[in-house]
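S.K.: First the structure, then my questions, so here it is.
The values are calculated or read from the model by the stated rules, or taken from the named source; none is laboratory data. Just so it is clear, the structure is predicted and the values come from calculations on it, not from any experiment. In this analysis, Cβ positions are derived from the backbone assuming ideal geometry, glycine residues included, and neighbour counts consider all displayed protein chains. Heavy atoms of the whole protein, side chains included, go into the accessibility calculation; ligands, DNA and RNA do not. Shrake-Rupley method; radii C 1.70, N 1.55, O 1.52, S 1.80 Å.
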Amino acid sequence: MTGDVPLLEVRNLVKHFHVGGGLFGGRAGIVRAVEGVSFEIRRGETLGLVGESGCGKTTVGRCLLQLERPTSGQVLFEGRELTTLGDEELRPIRRRVQVIFQDPYSSLNPRMTVGQILAEPLMVHGIVVDRERRAARVRELLSHVGLLPQHAHRYPHQLSGGQRQRVGIARALAVEPALIICDEPVSALDVSIQAQIINLLEDLQAGFGLTYLFVAHDLSVVRHISDRVAVMYLGRIVEITDRKSLYDVPRHPYTKALLSAVPIPDPALEAERERVVLGGEVPSPLNPPAGCAFHPRCPIAIDRCREALPELREITTGHRAACILA
Ligand code: SF4
């Protein structure tokens, strides 16, 4: 169910952090965490946002929720600009936008039972006031995420990692959100459990018409769940397109390198394919390289790459990449 009006629109989002230069010295500088990111997510759609750690993808997620106030740019949710709203005005919107975290253990209160954890948002937001009905709603939420009624009496430490993530998902669902930011929700789980959680998220999306921003550090995780994928490098989107184009005909050398690190289950194909090994580390966002920020690691860089920042341009319909040789 993909509508025409975007549920979320991000326009030229910038987030800089000032660091150092305090009482005890240290050189002052600006960490350019997010440098002009734009994208939209339509209702019922999943956008995968992928990049190595430090590329700014988590900061983008925090800016959407206004947990970090952007340095500039706009965030429109259901057509409403959020960056100018105060905390009080943001409250009902924060209910409509929920987050599922990488490590549910640290986001679940260890002193509360699962039942209490799930009942809390229902009480705080006045969604189900009656106690009996609240208990029934908690059982319903547990069943939506594949848990049993008796799990309501357990504490987070009595659950497996996968079960805890199911509780994190049920808690997000409790307030009937429109958009869920899935922030590396399976990175801490075993591979076999990862697939179960991703299938669960897909089922819930189909059942409740949810929209997802799915943040991950590798392309294998978002492959099955994403309708479109955006690849970030050093604060910028360097490629964005639909899933099929991204995996079949990647245009940016960074995307190609990330894809070549994803194992292919077929040993014959795996043996045949060419690997792109990325040299060096991601440069510091305190002092990003001039020109194309990827040039120090790019296997096909030419002199011109050091001079000007390549714009994110349309290569084919709906497929944009920021590379002069794409
Ligand atoms: Fe590589 Fe140059 Fe393209 Fe940047 S612009 S990705 S350095 S070829």
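S.K.: Relative contact order (percent) for the stretch 6-148, with alpha-carbon contacts under 8 angstrom and 6 or more residues of separation?
M.R.: Normalised by residue count, the contact order of the stretch 6-148 is 21 percent.
S.K.: What angle, in degrees between 0 and 90 and rounded to the nearest 10, separates the Cα long axis of helix 131-144 from the longest principal axis of the Cα atoms of the chain?
M.R.: The two axes meet at around 40 degrees.
S.K.: Compute the distance in nm between two label points, each set 7 Å from the Cα along the Cα-to-Cβ direction, one at residue 52 and one at residue 157.
M.R.: Between residue 52 and residue 157, the simple spin-label model gives 3.8 nm.
S.K.: Just tell me which lysines come within less than 18 Å, Cα to Cα, of residue 244; anything on the same chain fewer than 8 places away is out.
M.R.: 256
S.K.: Ok, one more. I'd like to check one number: the per residue accessible area of the chain, probe 1.4 Å, reported in Å² as a whole number.
M.R.: Ligands and nucleic acids excluded, the result is 50 Å² per residue.
S.K.: If you plug each phi of the stretch 275-286 into the Karplus form 6.51 cos²θ - 1.76 cosθ + 1.60 with θ = phi - 60°, what whole-Hz ³J(HN,Hα) values come out, in order, with x for Gly and Pro?
M.R.: 9, 9, 9, 7, x, x, 9, 5, x, 6, x, 6
S.K.: So, one more: Classify the stretch 152-214 as rounded, prolate or oblate from the Cα gyration tensor: take a ≥ b ≥ c as the square roots of its eigenvalues, call it rounded if a/c is under 1.5, otherwise prolate when a/b beats b/c and oblate if not.
M.R.: It comes out oblate by the Cα gyration axes.
S.K.: Relative to a virtual label point 7 Å from the Cα of residue 176 in the Cα→beta-carbon direction, which members of the stretch 141-159 show backbone nitrogen distances below 20 Å?
M.R.: From the stretch 141-159, the list is 141-145.
S.K.: Excluding residues on the same chain fewer than 8 positions from residue 57, give the lysines whose Cα lies under 17 Å from its Cα.
M.R.: Of all the lysines, those that pass the test against residue 57 - Cα under 17 Å, at least 8 places apart if same chain - are 15.
S.K.: Still on this structure, I have one more. Near residue 182, within a Cβ-to-Cβ distance under 12 Å, what is the net charge of the other residues, with Lys and Arg +1 and Asp and Glu -1?
M.R.: It works out to a net charge of -2.
S.K.: Can I ask one more? Going from most exposed to least, what order do 17, 208 have by accessible area with a 1.4 Å probe?
M.R.: From most accessible down to least: 208, 17.
S.K.: Based only on the alpha carbon positions, what is the Kirkwood hydrodynamic radius of the stretch 255-326, in angstrom?
M.R.: 14.2
S.K.: Specify the residue with the greatest mean-square fluctuation among 45, 307, 140, computed from a Gaussian network of the chain linking alpha-carbon atoms under 10 Å apart.
M.R.: In this elastic network of the chain, the residue with the biggest mean-square fluctuation among 45, 307, 140 is 307.
S.K.: Would you mind checking which residues have amide H under 5 Å from residue 13's amide H? H placed 1.01 Å from N; only 5 or more apart, or other chain.
M.R.: 36, 37, 38, 74
S.K.: Using a Gaussian network model of the chain whose springs link C-alpha atoms within less than 10 Å, name the residue from 157, 18, 217 with the highest mean-square fluctuation.
M.R.: It is 18.
S.K.: Follow-up question, since we're still on this one. Could you derive backbone 3J(HN,Hα) for the stretch 89-100 from the dihedral phi with the Karplus parameters 6.51, -1.76 and 1.60 (θ = phi - 60°), listing whole Hz in sequence and x where the residue is Gly or Pro?
M.R.: Going residue by residue, I get 6, 7, 3, x, 6, 5, 5, 7, 10, 10, 10, 10 Hz, with x marking Gly and Pro.
S.K.: Please report, in whole Å, how far the alpha carbons of the chain spread along each principal axis, starting with the longest.
M.R.: 69, 57, 46
S.K.: With just the Cα atoms defining each centre, how far is the stretch 223-265 from the stretch 166-193? Give it in Å.
M.R.: 22
S.K.: Working with all protein chains in place, sort 113, 71 by solvent-accessible area computed with a 1.4 Å probe, largest first.
M.R.: Ranked from most to least accessible, the order is 71, 113.
S.K.: Please list the non-local residues whose amide H lies under 5 Å from the amide H of residue 48, H modeled 1.01 Å from N, same-chain partners needing a gap of 5 or more.
M.R.: 214, 227, 228, 229, 230
S.K.: Could you tally the net charge around residue 216, taking each other residue with its Cβ under 11 Å from the Cβ of residue 216, Lys/Arg +1 and Asp/Glu -1?
M.R.: Local charge sum for residue 216: -2.
S.K.: With every protein chain kept in the model, how would you rank 317, 255, 84, 58 by accessible area, 1.4 Å probe, largest at the top?
M.R.: The ordering from most to least exposed comes out as 317, 84, 58, 255.
S.K.: I need the phi-derived Karplus couplings for the stretch 298-307: 6.51 cos²θ - 1.76 cosθ + 1.60, θ = phi - 60°, integer Hz, Gly and Pro marked x.
M.R.: Calculated HN-Hα couplings, in order: 7, x, 10, 4, 10, 3, 4, 5, 7, 8 Hz.
S.K.: What residue among 48, 162, 235 shows peak mean-square fluctuation when the chain is described by a Gaussian network model with Cα springs under 10 Å?
M.R.: Judging by the Gaussian network model, the answer is 162.
S.K.: Under 12 Å from the Cβ of residue 324, count the other residues' Cβ atoms, weight Lys and Arg +1, Asp and Glu -1, and hand me the total.
M.R.: Summing Lys and Arg as +1 and Asp and Glu as -1 gives +1.
S.K.: In nanometres, what is the gap between the two model label sites at residue 308 and residue 80, each 7 Å from Cα along Cα-to-Cβ?
M.R.: Here the modelled spin labels are 4.2 nm apart.
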